[in-house]
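The values are calculated or read from the model by the stated rules, or taken from the named source; none is laboratory data. Everything numeric in this text was worked out from a predicted model, so none of it was measured. Quick reminder, even Gly has a Cβ in these numbers, built from the backbone with ideal geometry, and neighbours come from all protein chains shown.
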Amino acid sequence: MEYTRTKQPQQATDNVCPAAPPPLPPLPGPATNWGQKGLFRMSGSLPVRGFSYVPTATRDLWDNLFDGGNESDVTIKTENGGIIYAHANVLSMASPVLRGMLKRSKGFGRKRSITIRGAPEDAVRVFIRFLYSSRYGQEDMKEFALQLLVLSHAFAVPQLKQICEMQLENGLLTTENVADVFQLALLCDAPRLSLISHRMILRNFKAVSATEGWKAMKTSHPVLEKELLESVIDEENMQKERIRKANDRKIYVQLYEAMEALVHICRDGCKTIGPHDKDFKEDQKPCKYAACKGIELLVRHFAGCKLRVPGGCVHCKRMWQLLELHSRLCVDSSLCRVPLCMLKNI
């Protein structure tokens, strides 16, 4: 009698990553949707809000499955003749690229073989372990962050790719590796990481341009190096323009305050100086104009200077400039009490 044996699909268990947790599975046992996202109900129980927690024992189980290689049916060949044993069902469910490679692979019986090159064997082992239990060691991430970024992009594992980007952004990105990270970010379609790397290169160009990564990029990607150099020049020009505008703004503010103080002295009087018909009080309030002290000294000098000729006295020349500027800006010169304000109508 012929019969067909249906092979039960093996369910992959997602897990929480300390750095960037992926979506979590529901609690074990029969469950039904409760209607809202984040609500689920166990059979015969009240609704629970939130997400399930996968215990450490479950993650250890998946790690042991990978470490032990029990019933493994895939052989992964790496650089320098390294071999890693894995399970086709796990790899196929974790990565669509690996699924396609397994479909095309050839082997003896149930055993299939695939090759992953371009990364050290230890980096590939960390990558495959992540596919099983969503775990990674912090030391492994420090050592293989760039290789894991490339592997996660090449084999379409977005959770690991996101973790690699975040780890690089939050401490692993340095002036020594930023040139390499920038190139990989462009190749691996990581726009945020490429932008952060680009800004770091611009801020620390002198140190970055002396690294081995920059020298290698200069040889392998001269066009990219040229673009970065142009960006550095543009950034320097923009910085100069920002400084120029800041200085212009500072001068404008100083002139504005000087104009206000001049009008205040000529109209209301300040401390011991003011219009001839102004009565000063000993208990008058402190002046609120910051430029009044300087303008007061300038007015006193202008009133008593014997060299008030064009170019004869620097201080008098500055006073003439203030009076001329005020006369050009004054709205109603007929009511203005600043001396020589009527000059603009002459």
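Condition first: more than 28 Å from the chain's Cα centre (by Cα), within 16 Å of Leu184 (Cβ to Cβ) and modelled with pLDDT of 90 or more. Can you find one or more residues in the stretch 93-100 that meet it? No, the conditions are met nowhere in the stretch 93-100. Taken together, the residues in the stretch 250-286 that are in a loop (DSSP other than H, G, I, E, B) and either surrounded by fewer than 17 Cβ atoms within 10 Å (Cβ to Cβ) or modelled with pLDDT of 75 or more (or both) amount to 16. Condition first: modelled with pLDDT of 85 or more and among the acidic types (Asp, Glu). Now tell me which residues in the stretch 211-233 satisfy that. Once the filter is applied, which keeps residues that are modelled with pLDDT of 85 or more and among the acidic types (Asp, Glu), the stretch 211-233 yields Glu212, Glu227, Glu230. I'd like the full set of residues that are assigned to a helix (DSSP H, G or I) and of a type in the set (D, E, K, R), limited to the stretch 168-215. Once the filter is applied, which keeps residues that are assigned to a helix (DSSP H, G or I) and of a type in the set (D, E, K, R), the stretch 168-215 yields Glu169, Asp180, Arg192, Arg199, Arg203, Lys206, Glu212, Lys215.
Looking only at the stretch 188-211, filter to residues that are surrounded by fewer than 16 Cβ atoms within 10 Å (Cβ to Cβ) and free of Cβ contacts under 8 Å to residues at least 12 places away in the same chain; which one of those is nearest to Ala154 (Cα to Cα)? Checking each candidate, the answer is Pro191.
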